[in-house]
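Only the coordinates and a few stated rules stand behind these numbers; no lab work does. Keep in mind that this is a model prediction, so the values were computed, not measured. Reconstructed Cβ throughout: ideal geometry from the backbone, glycine too, with neighbour counts over all protein chains shown.
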């Protein structure tokens, strides 16, 4: 990763974690907040909150990131809730995530279910309580988060995934699933950052942010599929070849490596084209451009 | 039930169901909306939305209930999500609710989990999309719903319930659990109705509405305990004596029938005292007063 992008991401992670701690420390929740915190501080990369902050910086004239932090943290809560529920025995039934026991393995399924529900609910409380933004911004951000996280967004994508198990028939269908399961929250991050900067959003900007998020999200998934066959276990930090072993539909179910790499490059070029024009000519570092490039350059 | 209260409730149920249908018909959700609708239209009494509408009418000068309907429906979505998740095998493991198969028995646990998550998320979308109210009202309503439904409210109450199984040591602890598990959403209904009527809420009014909701919610639970020992199976429509059979902590773990009836009456008198003053002297029918009375008069 480019040193600049890396240090920016590390700095953002520090800010986000400290803010998340502040939010969670203020809560009691009858033992629930301890369980919520267990998963919230289980080593997430905080990529989505980073995108919220970078989108905010791109569109804001104030650079007061306190305006965007509640939205960024809310999105991380949503991401964490979805992982907790995804790991449950009735879903993916995973015992470990990032080398740590999953929430239900430590606290039991009932507690994990409630902790997920509570994180999802608390996300909306953080948005509504963002007193650095206007009422209009808070309302638009609430609608945005609900739309991208709900049945027409991320949850819808999990539904498509569950229903289509082993029966994805085309690259188009695979893209649709990734668009909902992965790209939805990336789009959400971009729009939330924009809404922290303005409460009179332009439809064109939102369309462009969605296009960038869509392309980056799908390219990310293609890169995952590629790494699963080209990387080494040592480099990736997890077993390789697991997709084929698990009979998972990947991009290689529909195209060759050469074609997949071209498709990924096309998506990233499109994302960069879309976002580049929003950076001013004298901007020193174009984080969202570099992030898009990193999506295909990454080795893990 | 008083004929007037009954016909008002029936009328409200019709309005709520038609609005809920309108909301759900507009959605696709990749098959998720069908599952969400299954539980949403499984014969709920729509008591909480009714309270939203009646609270709105009490404080509004416009009587345009379209302003309050999105909030009322949002609360019903929350109620439904909590029932779906509560019925799951890792929670209460119930196969039937109101004589119908529970969500996971029809669609599977994974689908029920996602449908619950999606209803919870969609509730916030309905609040944010309420275009008959100000941005301020929508923001306050979002915060209100999140607070009462989340880890410091209803979800927290489920946590207390799970953790204390068979170990509730005092009437005070029992009341605390009912306050969170049951009264939280009743308080929420009252405050949401008020927030649909005004976006400059008075702290005193909110305190009074919370007191009314607290008392009515706890009295409701005491009445449930009483009916479980005094009613007949025919009248109640479900087996009686089940609390004792299941070793459940009830009000009778801490007091006699006589004392329980007095306690319930005291709570309801307090609720009526609190709300009565808000009705104008010439109001024809005081729905929230009558509702409080009904809580102890009901026979099922």
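Look at the alpha carbon pairs under 8 Å that are at least 6 residues apart: their mean separation over the length of the range B:3-297 gives a relative contact order of 19 percent. Who wins for biggest fluctuation among A:20, A:120, A:266 in a Gaussian network model of chain A, springs between alpha carbons below 10 Å? Judging by the Gaussian network model, the answer is A:266. Given their separation in residues at 0.36 nm each and the Cα-Cα distance between them, residue B:282 and residue B:164 gain 37.7 nm when the chain is fully extended.
Across the range A:105-138, the residues whose backbone nitrogen lies under 14 Å from the label position 7 Å along the beta-carbon direction of residue B:93 are A:109-110.
The chain A residue nearest the rotation axis shared with chain B, using its Cβ and rounding the distance to whole Å, is A:135, 2. If you build a Gaussian network model of chain A, linking Cα atoms that sit under 10 Å apart, which residue out of A:247, A:193, A:116 swings the most? Most flexible of the set in this elastic network: A:247. Between copies, residue A:165 shows label-point distances of 2.7 nm, shortest first, with the point placed 7 angstrom from Cα along Cα to C-beta. If you sort the three axes of the alpha carbon gyration tensor as a ≥ b ≥ c, you get a/c of 1.5 or more for the range A:3-297 and a/b no higher than b/c, which makes it oblate. Computed from the C-alpha gyration tensor, the three semi-axes of the ellipsoid equivalent to the range B:120-236 are 30, 16, 14 Å, from longest to shortest.
The ranking of B:148, A:107, B:122 by Cβ neighbour count inside 10 Å, starting from the fewest, reads A:107, B:148, B:122. Rounded to the nearest 0.05, what FRET efficiency do residue A:134 and residue B:41 have when you use their Cβ-Cβ distance and R0 = 41 Å? With a Förster radius of 41 Å, E is 0.65. Calculated mean residue ellipticity at 222 nm for chain B: -21500 deg cm²/dmol, from DSSP H runs with n ≥ 4 weighted as -39500 (n - 2.57), summed, divided by the residue count and rounded to 500. Could you tell me the center-to-center distance, by alpha carbons, between the range A:1-62 and the range B:46-85 in angstrom? After rounding, the separation between the Cα centres reads 35 Å.
The overall shape of the protein assembly as shown, judged from the alpha-carbon gyration tensor, is prolate: a/c is not under 1.5, and a/b is greater than b/c.
Let a ≥ b ≥ c be the square roots of the eigenvalues of the Cα gyration tensor of the range B:67-176; is it rounded (a/c under 1.5), or, if not, prolate (a/b larger than b/c) or oblate? Oblate is the answer for the range B:67-176, as a/c is 1.5 or above yet b/c matches or exceeds a/b. Among B:50, B:252, B:220, the residue with the largest mean-square fluctuation in a Gaussian network model of chain B, with springs joining Cα atoms closer than 10 Å, is B:252. Each part gets one Cα centre, and for the range B:122-167 versus the range B:248-300 those centres are 24 Å apart.
Note on A:82, A:253, B:60: ascending count of other Cβ atoms within 10 Å places them as A:253, B:60, A:82, the fewest first. Label point of residue A:237 (7 Å along Cα→beta-carbon): distances to the other copies' equivalent points are 5.5 nm, sorted ascending. A label point on residue A:269, set 7 Å along the Cα-to-Cβ line, lies at 8.2 nm from each of its counterparts in the other copies, closest listed first. Taking every residue in B:23-31 and counting other chain Cβ atoms within 10 Å of its Cβ, the average works out to 4.
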